1. Of the residues A:79, A:22, A:49, which is within 12 Å of another protein chain (Cβ to nearest Cβ), buried (at least 21 other Cβ atoms within 10 Å of the Cβ) and part of a helix (DSSP H, G or I)?
2. Would you confirm, using the coordinates I've provided, whether residue B:50 is part of a helix (DSSP H, G or I), under 30 Å from residue A:31 (Cβ atoms) and either in contact with a helix residue (DSSP H, G or I) (Cβ under 7 Å, 6 or more places away or on another chain) or at pLDDT below 95 (or both)?
3. Would you mind finding the one in B:21, B:100, B:56 that is in contact with a helix residue (DSSP H, G or I) (Cβ under 7 Å, 6 or more places away or on another chain), at pLDDT below 95 and buried (at least 22 other Cβ atoms within 10 Å of the Cβ)?
4. Would you point out the residue of the range A:52-76, among those that are touching a residue at least 60 places away in the same chain (Cβ under 8 Å) and not in a helix (DSSP H, G or I), that is farthest from the other protein chains (Cβ to nearest Cβ)?
5. When you look at residue B:34, is it touching a residue at least 24 places away in the same chain (Cβ under 8 Å), more than 10 Å from chain A (Cβ to nearest Cβ) and either more than 30 Å from residue A:21 (Cβ to Cβ) or part of a helix (DSSP H, G or I) (or both), yes or no?
6. So residue B:39 clears everything in (1) assigned to a helix (DSSP H, G or I); (2) within 8 Å of chain A (Cβ to nearest Cβ) except one condition, right? Which one?
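The values are calculated or read from the model by the stated rules, or taken from the named source; none is laboratory data. Quick caveat: nothing in here was measured; it's all calculated off a predicted structure. Please note: Cβ atoms are built from the backbone with ideal geometry, for glycine as well, and neighbour counts cover all protein chains shown.
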C-alpha cells in the first residue's frame, strides 16, 4: 500500500502543468488509501466514494498549493477536510448519521480475509472485524482520524501531523487516547478475540 | 489494574509501540515495565489492539477515481458553461438582440408627419400607427409619408422612445435614434391620409419593417412596391442580418430622407409574421427595450464567461 511511485515528483510537476494523465497516475496510486481513509472515517461506502472523488478533484485544482513533502499526506489532508465537510453536513441532518443507521455494519465492504480456512472461522473473523470497525466508529471523529491515519493508513507521526493539521504532541496524545478507546471498547467482545489477542486487563 | 495508569502513561505506551520515544524516554519506560506488571499488561493489550486494527482487511477503492477532463475543468461560476463556444454564441445572440431591439425602436421612427424640423428629433421620430400604415403603403408609390393627425401621438411615442434610448446603456442606440431622426424628416403631409390598408401590408414589423426601412433609406429612388414585394420573402435569419446591416446606414446621415415608412402591425395578418409580432404595436417601445436589455445581458454573460475562462 505504501509502495512509492518512483517518478512521483515528475508526475506531480506534469500534473501541475495540466497533464491530466500524469495526475490520474497519481490517483490510481493513492485511490485505495484515500478511499480507505474516507471510508473508515465516514463508515459508509457510497458517501465514501463520493467524498474520495471529490477529494481528488479538489487535489487536482489545488496542486499549486502542494509545497513538497509527503504527497500522500497532502492528499490525505484534502481527503480529511472533505470528510469533515461531510460530517458537518451530516450533523445538520442528524438522521443521516451512520451510527444511527440500523445494520450499518452490514455493508462494511469486503470483510472476509482471503485466507479464512473454514466457514466458521471466516464468520468469526468477520464478526471480529465488524466489532473492531464498530469500536473505531465509536471514537470521536478527531481520534478516529488519527487512529485511521496511523494504524490503517500506516502514516508516520509527521505525516499524520501534516494530514490532520496537528502538531506532533497532539498526534501522539490523540493517538494514544484513540487506541485506549478501541481497546476498552473491545473488552465487550472479548469472547470473539483469539486467545493470543485477549485483552487481559480484566484479570487482576 | 489499568486504572492507575495516567493518560501520560498511555501516551508513552502508545508511542513506545510506534518506536517514537526518545532514547531517554524509552529506557525509563522499559525500566518501569520491568517493575510494573499492570503497565506491562496494558502494553500488551494496546499492542493487541493495534494489531487488530492493522489486521482489518484492506479496503479497496470500489472504482477508479481518475478524473475526467470535465472533472478537471475549473469549477463553474453559477453553473455557467465557460467554453469559448458559449461566449461566442452569447455574444452573437447579444448582437442580434441589440440589432433587433434597435430595429424595433427605430421602426417606430418613420417619416415625420409633423413639420420637417431638422433640429427636433422628437418630431422626426414617428410612431407607426395603424393609420400610418396606409401612409406607408402610399409611400410605396410616392415615397412619401405623412399622417398629420398622428403627429401628436407620434410625438408622444417618440419622446418615450427617445428617453428609453437614453436610459439604455447601449451607446449605439443612443446615437442611432438621433441619427435616424436626422434622416427621418420628410415632406410632411405630402400624402393625404387614407383608410387603413386591408392586409396589403399586413404585419410588416420588426426585422421586416426594418427591411423596408433599410431599403427605403438606401435605395431611395427605387420603387417601393418592389421593396414590399421583397420583404415577405425574407426569412427571419436574413431579416435580422439585414437588420444588423441597417444600423450602419442609420447612423450615417448620408442617405436622402426618403420616408419609406416602416409599416406597423395592421389588423390583417400577413403570412410572414416575424418573431416579434403584432403585440409590439401595443407596447412597441417596451419590446424594443426588452430586446436591448436582453442583448445587454447576454453581452455581459459573454464577457463574464470569457473572463472566467481566461483566468482559469
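1. Numbers: A:22 fails: buried (at least 21 other Cβ atoms within 10 Å of the Cβ); A:49 fails: buried (at least 21 other Cβ atoms within 10 Å of the Cβ).
Of the residues listed, the single one that is within 12 Å of another protein chain (Cβ to nearest Cβ), buried (at least 21 other Cβ atoms within 10 Å of the Cβ) and part of a helix (DSSP H, G or I) is A:79.
2. Values: part of a helix (DSSP H, G or I): yes; under 30 Å from residue A:31 (Cβ atoms): yes; either in contact with a helix residue (DSSP H, G or I) (Cβ under 7 Å, 6 or more places away or on another chain) or at pLDDT below 95 (or both): yes.
When the stated conditions are applied, residue B:50 passes them.
3. Working: B:21 fails: buried (at least 22 other Cβ atoms within 10 Å of the Cβ); B:56 fails: buried (at least 22 other Cβ atoms within 10 Å of the Cβ).
Checking each option against the conditions leaves just B:100.
4. Initial filter on the range A:52-76 (touching a residue at least 60 places away in the same chain (Cβ under 8 Å)): A:69-74, A:76.
From the residues that got through so far, the ones that are not in a helix (DSSP H, G or I) too are A:69-70.
On the way: A:69: 18, A:70: 16 Å.
Selected residue: A:69.
5. Numbers: touching a residue at least 24 places away in the same chain (Cβ under 8 Å): no; more than 10 Å from chain A (Cβ to nearest Cβ): yes; either more than 30 Å from residue A:21 (Cβ to Cβ) or part of a helix (DSSP H, G or I) (or both): yes.
So residue B:34 does not fit the description; no.
6. (2)
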